[in-house]
Amino acid sequence: DAGVIQSPRHEVTEMGQEVTLRCKPISGHNSLFWYRQTMMRGLELLIYFNNNVPIDDSGMPEDRFSAKMPNASFSTLKIQPSEPRDSAVYFCASSNNLAGGLYEQYFGPGTRLTVT
Amino acid sequence: LAKTTQPISMDSYEGQEVNITCSHNNIATNDYITWYQQFPSQGPRFIIQGYKTKVTNEVASLFIPADRKSSTLSLPRVSLSDTAVYYCLVGDSGAGSYQLTFGKGTKLSVIP
């Protein structure tokens, strides 16, 4: 298995631009998570999908952030417009929440976003 | 939401056993305890999960006392490659709810 795939690995953009991060979860996993990690705030959960349905988006910082999961093999996290304070590493993770496996999450390599 | 407290950092020499303890005084009946490892520039990696007593796998052991208010991750005979940040998480794995928060973690430095 290729594991969780994220693209791009690095993104540098100017303030005000739209940014789209992509994630392909592990095949067969039914839960998907988007996290953000910074030195100041650590690892924060942004949104959690179960069977392609958003379950908890309370971690999404504001309306500039949106996430979609149109099918079981693809998810996007969009920031529009981007701001310098959005600079962080964004991780996507997936798991199979059957049989108590919700917290055995498999993380992707992350996307390092820099907004100038 | 159960909160966790763990040491900010620990140092150990190669070959020693390392025990990292996490406190979770407000753990709920349905909560599981999960540990992750994160290397620089990588996503966290699942290490081990348990509910009570002792769990062991090829990487580590997890000790959970009867009151479940704490847990200890035990890494046998650490090597330099075990230098990483270790996170203790507590949450309810019941379907329909999701409360899982990564804290600051414990930065383990293994010294040659």
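The values are calculated or read from the model by the stated rules, or taken from the named source; none is laboratory data. Only a predicted model underlies this, so the values are computations on that prediction, with no experimental measurement involved. Neighbour counts run over all protein chains shown; Cβ positions are idealised from the backbone, glycine included.
Numbers at a glance
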quantity: Subset of the stretch B:41-73 that is assigned to a loop (DSSP other than H, G, I, E, B), within 14 Å of chain A (Cβ to nearest Cβ) and without any contact (Cβ under 8 Å) to a residue 12 or more places away in the chain - its residue that is nearest to the chain's Cα centre (by Cα); calculated: B:Asn57
quantity: Among the candidates A:Pro70, A:Pro84, A:Pro54, residue that is of a type outside the set (S, T, N, Q), out of contact with any Lys or Arg (no Cβ under 8 Å at 6 or more places or on another chain), more than 23 Å from B:Gln42 (Cβ to Cβ) and touching a residue at least 60 places away in the same chain (Cβ under 8 Å); calculated: A:Pro84
quantity: One residue from A:Ser66, A:Ser27, A:Ser58 being of a type in the set (Ser, Thr, Tyr) and assigned to a strand (DSSP E or B); calculated: A:Ser66
quantity: The stretch A:43-52: number of residues that are hydrophobic (A, V, I, L, M, F, W, C), within 11 Å of chain B (Cβ to nearest Cβ) and either surrounded by fewer than 16 Cβ atoms within 10 Å (Cβ to Cβ) or under 22 Å from A:Ser87 (Cβ atoms) (or both); calculated: 3
quantity: Residue in the stretch A:99-108 that is polar (S, T, N, Q) and more than 10 Å from chain B (Cβ to nearest Cβ) present; calculated: no
quantity: Out of A:Val53, A:Val12, sole residue that is touching a Ser or Thr at 6+ places or on another chain (Cβ under 6 Å), more than 16 Å from A:Tyr106 (Cβ to Cβ) and either modelled with pLDDT of 95 or more or not hydroxyl-bearing (Ser, Thr, Tyr) (or both); calculated: A:Val12
quantity: Given (1) in contact with a Pro (Cβ under 7 Å, 6 or more places away or on another chain); (2) over 26 Å from B:Trp35 (Cα atoms), number of the condition A:Arg85 does not satisfy; calculated: (1)
